[in-house]
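See below for the structure under consideration.
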Amino acid sequence: MVRVVLTDKQFNYLKRLIERRGYEITQKVEGEKEGIIDIHAKSTKKAKDTLLIRIILDTPTVGVEILKNTIKELDNGDFTYAIIIGGERYTYAARREAKEMDVELLHRRFLSIDLFLHDLVPEHDIITEKEIEEIEKEYGISRELLPKIKAGDPAAKAIGARPGDVIQIVRDSETAGRHVVYRYCIA
């Protein structure tokens, strides 16, 4: 079997992805098992929030065992949130367990391109509750009435949007200059 590695380009994209979500890398750890890399990050916004990113490189199918080991670390209080970036597919049991335990599962191909570097992809940001309240007051509507964006949308996934979040999208427009729109994230 050919050993798969995390390239510098993929690591740099992962680093930008983590920063876009409001975290900074504190440690990169080669896993006890070959082909697993753990990246630890802390939140730049909330002092106690910590993130574990577990990258599975050599296994084409990620099963429930890897997920349970990750969940154990969350239960120990070492981390508040986890992302697993795996191979070609996840088993049904792993997907079900991840959904129950609120662990995000991403495909390894997710690291192949930074979509925000493309000219046609505008900047996306999750806004705070205070900003949401200001928007609701300004427009006289509730967040549920905003246009929708699915949590599975690639841009929403990249910034870590979850159902219930409101995303601010800023586009440069030749006619309008800077155009700001808001989207309500749904499942």
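The C-beta contact set for the range 33-52 (first residue farther than 18 Å from I71 by Cα, second residue surrounded by 13 or more Cβ atoms within 10 Å (Cβ to Cβ) and modelled with pLDDT under 85, distance under 9 angstrom, 6+ apart or interchain) comprises E34/L57; E34/D58; G35/V4; G35/L57; G35/D58; G35/T59. Within the range 133-150, can one find any residue that is more than 30 Å from G35 (Cβ to Cβ) and aromatic (F, W, Y)? Yes, some residue in the range 133-150 is more than 30 Å from G35 (Cβ to Cβ) and aromatic (F, W, Y). Which count do you get for residues in the range 135-187 that are of a type in the set (D, E) and over 18 Å from H124 (Cβ atoms)? Count: 4.
Tallying residues that are under 21 Å from K157 (Cα atoms) and surrounded by fewer than 17 Cβ atoms within 10 Å (Cβ to Cβ) within the range 71-88 yields 2.
For the range 129-149, filtering for residues that are surrounded by 14 or more Cβ atoms within 10 Å (Cβ to Cβ) and either outside any strand (DSSP E or B) or not aliphatic (A, V, I, L, M) (or both) leaves 6. Scanning the range 32-70 for residues being crowded, with 21+ Cβ neighbours inside 10 Å and assigned to a strand (DSSP E or B) gives a total of 8.
Can you find a residue that is in contact with a Ser or Thr (Cβ under 7 Å, 6 or more places away or on another chain) and either surrounded by 15 or more Cβ atoms within 10 Å (Cβ to Cβ) or in the same structural domain as E73 (by TED's automatic domain parsing) (or both) anywhere in the range 89-99? Looking for residues that are in contact with a Ser or Thr (Cβ under 7 Å, 6 or more places away or on another chain) and either surrounded by 15 or more Cβ atoms within 10 Å (Cβ to Cβ) or in the same structural domain as E73 (by TED's automatic domain parsing) (or both), one finds at least one in the range 89-99, hence yes.
Taken over the range 18-31, the criterion of being in a strand (DSSP E or B) and surrounded by 13 or more Cβ atoms within 10 Å (Cβ to Cβ) is satisfied by Y23, I25, K28. Looking only at residues of the range 155-172 that are part of a loop (DSSP other than H, G, I, E, B) and not basic (K, R), we find that the one that is surrounded by the fewest Cβ atoms within 10 Å (Cβ to Cβ) is P163.
Residue check: M101 meets all listed conditions (1) out of contact with any strand residue (DSSP E or B) (no Cβ under 7 Å at 6 or more places or on another chain); (2) touching a residue at least 60 places away in the same chain (Cβ under 8 Å); (3) of a type in the set (A, V, I, L, M) but one, namely (2).
The values are calculated or read from the model by the stated rules, or taken from the named source; none is laboratory data. Because the structure is a prediction, the values reported are computed rather than measured. All Cβ positions, glycine included, derive from the backbone under ideal geometry; neighbour counts span all protein chains shown.
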